[in-house]
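A quick write-up on the structure given underneath.
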């Protein structure tokens with residue numbers, strides 16, 4: 001069984017707040033840009049691609065659900081991998097997970113500026129862009145610095161704020177299609193297998209991010225029971241929303257692949273210019289909602305690394321008044337700001353998607369190992385768990401084959417940094433078992 005550490009953090013995240021945190025981690029920028037990309041790859045069969053991707057990610061999330069139900073501490077994939085495979089593997093996972101979190105946040109910051117330019121064209125200019133990114137990250141860092149309850153409340157609010165307009169978009173779009181007697185011929189234009197794999201790889205970015213909500217479980221009230229609940233609620237909600245959004249986009253737009261703002265273009269058809277503006281505003285809300293979850297969850301990763309002796313000790317500092325990991329929050333905000341200012345949306349998305357698949361494969365691999373090492377400790381036990389683990393590893397491995405040399409070189413560089421980190425800490429006492 002697990003021996004919970006005394007960290008000084010406050011357990012203020014309830015079951016539904018954790019579910020909202022998972023939703024905010026998944027629903028960010030992808031739903032507002034990827035429908036056109038996926039339609040360009042597999043045509044009007046693209047809603048099926050969302051369902052297939054959901055099945056693959058669902059296998060991985062099911063593995064996460066069992067593994068997470070064994071732990072009460074912060075750390076997420078880093079903690080799980082270390083418990084299963086040891087300190088070296090844990091550090092490799094910790095650095096990969098940190099790369100995912102930083103680059104995802106930076107990518108969303110860049111996209112926020114792009115969408116904001118629809119209302120304020122000067123937002124793309126160097127100085128306004130710098131100010132927007134600074135305020136975007138700085139305000140949320142300040143909220144989370146002052147307490148986890150405030151961060152969770154903001155995350156809950158934005159989870160609702162981003163879902164409501166998407167549901168309205170789906171209902172209006174389906175009603176418009178019914179009046180027009182439109183239909184979706186899902187299998188009318190078969191695409192080559194390579195295009196389907198490319199579509200699934202892209203959709204890993206859309207469905208990914210749930211793993212971030214597992215990082216701050218040290219501040220969840222009942223993490224071992226609530227983590228599986230939050231993961232499955234989010235998966236069902238996101239799959240339904242994503243698939244129906246894609247149905248509307250390809251059903252309303254004659255050429256869905258021809259626009260880089262597919263939801264705004266579709267809303268313009270059945271709501272006019274006001275609808276297009278409303279969806280652009282929704283995109284801003286959604287991206288900012290992603291930030292609320294990222295700023296709450298991600299700093300807890302470096303906190304966990306430091307708490308277990310794998311990072312400099314000051315990353316584990318807890319503010320004496322606010323009871324938050326304030327140094328880790330400031331460090332994450334500063335690095336995400338730097339990547340957002342100096343990088344581009346495409347560059348950050350590529351790094352995030354590549355590292356994410358390796359993260360998923362590690363956690364799926366940990367499931368059967370932890371069953372042997374910690375028999376009976378899981379609150380949620382996945383039926384045929386070893387089969388699910390193999391399927392999750394296979395799903396990740398197949399998609400890795402679609403990546404280019406540049407992406408794999410970045411992963412190799414990250415692994416080298418993690419190796420140097422391990423060489424630095426390996427002579428120190430190993431962390432106690434969880």
**Message:** Quick test of your reading of the structure: residue 322 fulfils all but one of (1) in contact (Cβ under 8 Å) with a residue 24 or more places away in the chain; (2) in contact with a helix residue (DSSP H, G or I) (Cβ under 7 Å, 6 or more places away or on another chain); (3) outside any loop (DSSP other than H, G, I, E, B); (4) surrounded by fewer than 22 Cβ atoms within 10 Å (Cβ to Cβ). Name the failing condition by number.
**Reply:** (3)
**Request:** Of the numbered conditions (1) in contact with a helix residue (DSSP H, G or I) (Cβ under 8 Å, 6 or more places away or on another chain); (2) surrounded by fewer than 19 Cβ atoms within 10 Å (Cβ to Cβ); (3) modelled with pLDDT of 85 or more; (4) farther than 30 Å from residue 172 by Cβ, residue 332 fails exactly one; give the number of that condition.
**Result:** (2)
**Item:** Residue that is free of Cβ contacts under 8 Å to residues at least 12 places away in the same chain, assigned to a helix (DSSP H, G or I) and within 25 Å of residue 136 (Cα to Cα), where the choices are 264, 340, 334, 280
**Value:** 334
**Prompt:** Here are some residues: 227, 234, 220. Which one is at pLDDT 85 or above, in contact with a strand residue (DSSP E or B) (Cβ under 8 Å, 6 or more places away or on another chain) and buried (at least 24 other Cβ atoms within 10 Å of the Cβ)?
**Reply:** 227
**Asked** Does residue 171 satisfy the condition of being at pLDDT 85 or above, surrounded by fewer than 17 Cβ atoms within 10 Å (Cβ to Cβ) and farther than 19 Å from residue 31 by Cβ?
**Response** no
**Verdict on residue 256 being in contact (Cβ under 8 Å) with a residue 12 or more places away in the chain, buried (at least 22 other Cβ atoms within 10 Å of the Cβ), in contact with a helix residue (DSSP H, G or I) (Cβ under 7 Å, 6 or more places away or on another chain) and farther than 17 Å from residue 199 by Cα** = no
**Asked** Within the bounds of segment 200-214, is there any residue that is assigned to a loop (DSSP other than H, G, I, E, B) and either crowded, with 24+ Cβ neighbours inside 10 Å or modelled with pLDDT under 90 (or both)?
**Response** yes
**Asked** In this structure, is residue 131 more than 16 Å from the chain's Cα centre (by Cα), at pLDDT 80 or above and either more than 24 Å from residue 264 (Cβ to Cβ) or not in a helix (DSSP H, G or I) (or both)?
**Response** yes
**Asked** Do the conditions hold for residue 419, that is, is it closer than 22 Å to residue 306 by Cα and surrounded by fewer than 21 Cβ atoms within 10 Å (Cβ to Cβ)?
**Response** yes
**Asked** All but one of (1) surrounded by fewer than 22 Cβ atoms within 10 Å (Cβ to Cβ); (2) in a loop (DSSP other than H, G, I, E, B); (3) touching a helix residue (DSSP H, G or I) at 6+ places or on another chain (Cβ under 6 Å) hold for residue 310; which doesn't?
**Response** (1)
**Search result, residues across segment 67-82 that are surrounded by fewer than 24 Cβ atoms within 10 Å (Cβ to Cβ) and at pLDDT 85 or above** = 69
**Those residues of segment 371-384 which are surrounded by fewer than 21 Cβ atoms within 10 Å (Cβ to Cβ) and assigned to a helix (DSSP H, G or I), in sequence order** = 372, 373
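Let's see how each residue does on (1) at pLDDT 85 or above; (2) more than 14 Å from the chain's Cα centre (by Cα); (3) under 16 Å from residue 81 (Cβ atoms):
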{"position": "286", "(1), (2), (3)": "no, no, no"}
{"position": "290", "(1), (2), (3)": "no, no, no"}
{"position": "305", "(1), (2), (3)": "no, yes, yes"}
{"position": "323", "(1), (2), (3)": "no, yes, no"}
{"position": "326", "(1), (2), (3)": "no, yes, no"}
{"position": "349", "(1), (2), (3)": "no, no, no"}
{"position": "365", "(1), (2), (3)": "yes, yes, yes"}
{"position": "368", "(1), (2), (3)": "yes, yes, yes"}
**Message:** Looking at segment 12-20, can you tell me whether even one residue there is assigned to a helix (DSSP H, G or I), within 25 Å of residue 115 (Cβ to Cβ), under 15 Å from the mean Cα position of the chain (by Cα) and modelled with pLDDT under 90?
**Reply:** yes
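The values are calculated or read from the model by the stated rules, or taken from the named source; none is laboratory data. All values reported here derive from a predicted model rather than from experimental measurement. Methodologically, a virtual Cβ is constructed for each residue, glycine included, from the backbone with ideal geometry; neighbour enumeration extends over all protein chains shown.
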